[in-house]
Amino acid sequence: MKYIVTAAALATLCELAQATVYLAGDSTMARNGANDGVTDGWGPYLESYLTGTTVVNKAIGGRSARSYTNEGRFAEIATLVQANDIVVIEFGHNDGGSPNSASDNGRSDCPGTGDEVCTSGKDGSTVYTFARYVSDAAESYIAKGASVVISSQTPNNLWEGGVYSDSAPRFVEYARLVTGDIGENAYYIDHFQAVAEMYEKLGNAETNALYPKDHTHTSPEGANLSANAFAQAVRSAEGNPLAEFVRTDIPLVY
Ligand SMILES: *[C@@H]1O[C@H](CO)[C@@H](O)[C@H](O)[C@H]1NC(C)=O
């Protein structure tokens, strides 16, 4: 007996295939991203707050939107992504600094929120803005039928020195602005704000205990809490396609 699979049936099968959630980010998202055995990124903890989807964590320590672009890492995700998949993009921790300087580290973005360009003071290469790197990547995924969640960076320890301060680095606002500029199929999540509110609630001692090494990288417990806060923020974000995959029984952490 022969079975003939029609194109229409195949399309239906593809629609039924599980959506994949890709994560693009830095050490604060990568598994053991700081490579110290003491801290961890939040990406590996996300899957336990979701259902009906698979998480593929492509985050890697030390990267910025610029270096993730120049190393071909956004492009690699574009070769994998399929219609209805979701790509979460979260950068900022390594994006500051000045590309014009002679000691340009290959990570600093050109300051600004649009088409500004800079020239690397080290090798003369053209450097674009955070917005340009993120929107180019996002648009390549959206063109394949995927959606993009642009997430603001996690905060550093907001209780450092025993006093709470939630002032945000400029990349938090940049992430929000670029999401609006991209428009359809791009969704902003203010992960910074969600974790900030969680830390305010946790208080000084409990928050400081989540930072065993420095003020950027958290313990595994802190990473799990950051994933929980992200999932909570997504669940309450109207129209966000990732929201339907967030479990209904997650703890509320802020
Ligand atoms: C993360 O936190 C959740 C909720 O508190 C908990 O159930 C889970 O066991 C934690 N996961 C890990 C890997 O520690």
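The values are calculated or read from the model by the stated rules, or taken from the named source; none is laboratory data. All values reported here derive from a predicted model rather than from experimental measurement. A quick note on method: Cβ atoms are made from the backbone with ideal geometry, for glycine too, and the neighbour counts reach across all protein chains shown. Accessible surface is based on the protein model in full, side chains and every heavy atom, while ligands, DNA and RNA are left aside. Shrake-Rupley method; radii C 1.70, N 1.55, O 1.52, S 1.80 Å.
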#### Entry: Value of relative contact order over segment 18-239, rounded to a whole percent, pairs C-alpha under 8 Å and six or more apart
22
### Query
In square angstrom, what is the accessible area per residue of segment 18-239 with a 1.4 angstrom probe?
41
### Query
If the label point is 7 Å along Cα→Cβ of L177, which residues in segment 100-119 have backbone nitrogen under 11 Å from it?
111-116
### Query
Which shape class applies to the chain: rounded if a/c is under 1.5, otherwise prolate when a/b exceeds b/c and oblate if not, where a ≥ b ≥ c are the square roots of the Cα gyration tensor eigenvalues?
oblate
## Note on the structure
Interchain or sequence-distant (5+) residues whose placed amide H lies within less than 5 Å of the amide H of V56 are V21, Y22, L23
### Summary
Here FRET efficiency (C-beta to C-beta, D123 to N35, R₀ 30 Å, nearest 0.05) is 0.70
### Query
Straight-line reach from K213: which aspartates and glutamates have a Cα under 16 Å away, not including same-chain ones fewer than 8 places off?
D36, D40, E160, E221
### Query
On full extension of the chain, what length is gained from D166 through L252, given 0.36 nm per residue of separation minus the C-alpha to C-alpha distance?
29.0 nm
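Nearest 5 percent is fine: what portion of the DSSP beta bridges confined to the chain is antiparallel? Could you put the intermediate results ahead of the total?
Values: 4 of 23 bridges.
Counting only bridges with both partners in the chain, antiparallel ones make up about 15 percent.
Tell me, what % of the accessible area of the chain is carbon and sulfur with a 1.4 angstrom probe?
Values: 5850 of 11690 Å².
Of all accessible area on the chain, carbon and sulfur atoms account for 50 percent.
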### Query
So what is the 222 nm mean residue ellipticity for the chain from helices alone, if each DSSP H run of at least 4 adds -39500 (n - 2.57) and you divide by all residues, rounding to the nearest 500 deg cm²/dmol?
-10000 deg cm²/dmol
### Query
Put +1 on the Cβ of every Lys and Arg and -1 on every Asp and Glu Cβ in segment 140-210; which of N157, N208, A143 then has its Cα farthest towards the positive end of the dipole?
A143
### Anisotropy class of segment 123-221 from Cα gyration tensor, a/c 1.5 cut
prolate
### Query
Residues in segment 187-210 near a label at E238, defined as backbone nitrogen under 13 Å from the 7 Å Cα→Cβ point?
none
### Message
Need one number: nm distance between label points at E139 and S101, each 7 Å from Cα along Cα→Cβ, rounded to one decimal.
### Response
3.1
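For segment 67-190, compute the orientation-averaged projected area of the C-alpha convex hull (one quarter of its surface), in nm².
On the way: hull surface 32.9 nm².
Spelled out: convex hull of the Cα atoms, projected over all directions, averaged, 8.2 nm².
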